[in-house]
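Chemist: The structure that follows is given in the form of structure tokens.
The values are calculated or read from the model by the stated rules, or taken from the named source; none is laboratory data. Note that the structure is predicted; figures quoted are calculated from it, not measured. Every residue, glycine among them, receives a Cβ derived from its backbone with ideal geometry; neighbour counts consider all protein chains shown. Keep in mind that these areas ignore ligands, DNA and RNA; they rest on the heavy atoms of the full protein, side chains included. Shrake-Rupley method; radii C 1.70, N 1.55, O 1.52, S 1.80 Å.
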Amino acid sequence: MNNIKKITIIGAGLIGQGWATVFSSRGYALRLHDRDESVLEKALGQIKLNLLFLEANDLLKAGQADTALKQIKVTGNLAEAVSDADYIQEAVFDDYEVKKRIFTDLDAQAPKTAILASSTSGLLMTEIQKVVTEPERCVLAHPYLPVHLMPLVEVVGGALTSPEALATTYNFMENIGKTPVLLKKEVPGYIVNRLQSALLREAIDLVDSGVADAEQVDRAFCISAGLRGPLMGPLLRAYLAGDGIERFIENYSRSYRIRWESMATWNSISDRAADATIKSVNEMKLVRTKSLKELKTWRDEMLVKILKVIH
Ligand SMILES: NC(=O)c1ccc[n+]([C@@H]2O[C@H](COP(=O)([O-])OP(=O)(O)OC[C@H]3O[C@@H](n4cnc5c(N)ncnc54)[C@H](O)[C@@H]3O)[C@@H](O)[C@H]2O)c1
């Protein structure tokens, strides 16, 4: 099994910066590569802010941010970035052509024992790994934004991924303090983005069909299903709602069917729904009263408070 000591991140955008924050704060030496050298300094600046945020919120000890930052070497040279890597976390644009090109390069330039992990939100590993001569070492390790705060990493294999590569990635994620969830088979959107996509379609439809404004839709969610969210998902909720899952299915199937039959089934957002959603979201109080940057800071500070309670 791959003994992971040296890490390389490919792509220094939002997700690469998040991974760099996580790996470096856990004491790993890492190389951060981007083909666009101009983004590397900016990325280091954001990683520093992330690390200082963790330190200021007691999620790192005093001085740890500085030590972590020193672990990171940035380079625009791919061969130099991957020459002795044990684990490579790819975080480039979400496009098969771009991913396949970088996996082809990794196949040629990285050690043959290195795990090649993709951060992709929308693509399947079965397709990406076709270009790699040892496809069994290719896995998908899908994080959530903000990567330095959200615990979940979905670990998924492609058709040719080995159980060993999945186990190594899963254990590694657990060792660095993430909460990995292993999927038994790959499917677009994995688990959480599928659930979120179903929820988002219905939320847009409620706004578009005039049932409620964005403010009410989000508020209703936050103080009900959202409030319960840290404790339980939809399935345990069903178990409790029915005093047992068998009873829930027996008692609620008919009323759920009425709901499901009236719910949105479209697969692309119509112009009318887009206009209604844009107007309604821009009228939300938090959107009107905070800048994007302020809203992200607010989100991160509130997330830390919640994480401190539930972990
Ligand atoms: N943004 C999200 O919410 C989110 C969440 C989870 C996973 N992801 C996934 O993470 C990946 C990266 O997303 P992001 O939001 O960080 O994108 P981004 O656009 O912020 O960053 C991508 C970076 O990759 C670099 N890049 C592109 N091609 C490259 C190449 N061939 N070699 C080296 N560097 C290259 C770009 O210069 C850019 O800096 C995507 O696959 C995305 O689906 C995104």
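Chemist: Looking at segment 100-128, which of its residues are within 7 Å of the ligand (Cβ to nearest atom), surrounded by fewer than 18 Cβ atoms within 10 Å (Cβ to Cβ) and in a helix (DSSP H, G or I)?
Modeler: R101
Chemist: Out of the residues in segment 80-99 meeting the condition of being in a helix (DSSP H, G or I), near the ligand (Cβ under 10 Å from one of its atoms) and touching a residue at least 12 places away in the same chain (Cβ under 8 Å), tell me which one is surrounded by the fewest Cβ atoms within 10 Å (Cβ to Cβ).
Modeler: K99
Chemist: Right, here's the next one. May I ask you to verify whether A29 is open to solvent by less than 10 Å² (accessible area, probe 1.4 Å) and closer than 19 Å to L78 by Cα?
Modeler: no
Chemist: Check K48, K42 and return the single one that is out of contact with any Pro (no Cβ under 6 Å at 6 or more places or on another chain) and more than 16 Å from the ligand (Cβ to nearest atom).
Modeler: K48 is the lone residue from the list that is out of contact with any Pro (no Cβ under 6 Å at 6 or more places or on another chain) and more than 16 Å from the ligand (Cβ to nearest atom).
Chemist: Further question on the same structure: Filter segment 135-151 for residues that are away from the ligand (no atom under 13 Å from the Cβ) and open to solvent by 30 Å² or more (accessible area, probe 1.4 Å); which is farthest from N50 (Cα to Cα)?
Modeler: Filtering first and then ranking leaves E136.
Chemist: Could you say whether any residue in segment 164-175 is out of contact with any strand residue (DSSP E or B) (no Cβ under 8 Å at 6 or more places or on another chain), within 16 Å of the ligand (Cβ to nearest atom) and of a type outside the set (S, T, Y)? Steps first, answer last, please.
Modeler: First, pick out the residues of segment 164-175 that are out of contact with any strand residue (DSSP E or B) (no Cβ under 8 Å at 6 or more places or on another chain): 164, 167, 171, 175.
Then drop every residue that is not within 16 Å of the ligand (Cβ to nearest atom), which leaves none.
The answer is no, given that none of the residues of segment 164-175 is out of contact with any strand residue (DSSP E or B) (no Cβ under 8 Å at 6 or more places or on another chain), within 16 Å of the ligand (Cβ to nearest atom) and of a type outside the set (S, T, Y).
Chemist: Considering only segment 185-196, I want to know if a residue exists there that is under 30 Å from D58 (Cβ atoms) and in a loop (DSSP other than H, G, I, E, B). Walk me through it before giving the result.
Modeler: Kept after step one, since they are under 30 Å from D58 (Cβ atoms), are these residues of segment 185-196: 192, 196.
Narrowing further to those that are in a loop (DSSP other than H, G, I, E, B): none.
No, that holds for no residue.
Chemist: Please go through segment 4-26 and pick out each residue that is under 16 Å from V139 (Cα atoms) and open to solvent by 10 Å² or more (accessible area, probe 1.4 Å).
Modeler: Residue satisfying the conditions is I4 alone.
Chemist: So which residues in segment 11-39 are within 13 Å of L69 (Cβ to Cβ) and within 12 Å of the ligand (Cβ to nearest atom), if there are any at all?
Modeler: Q17, A20, L32
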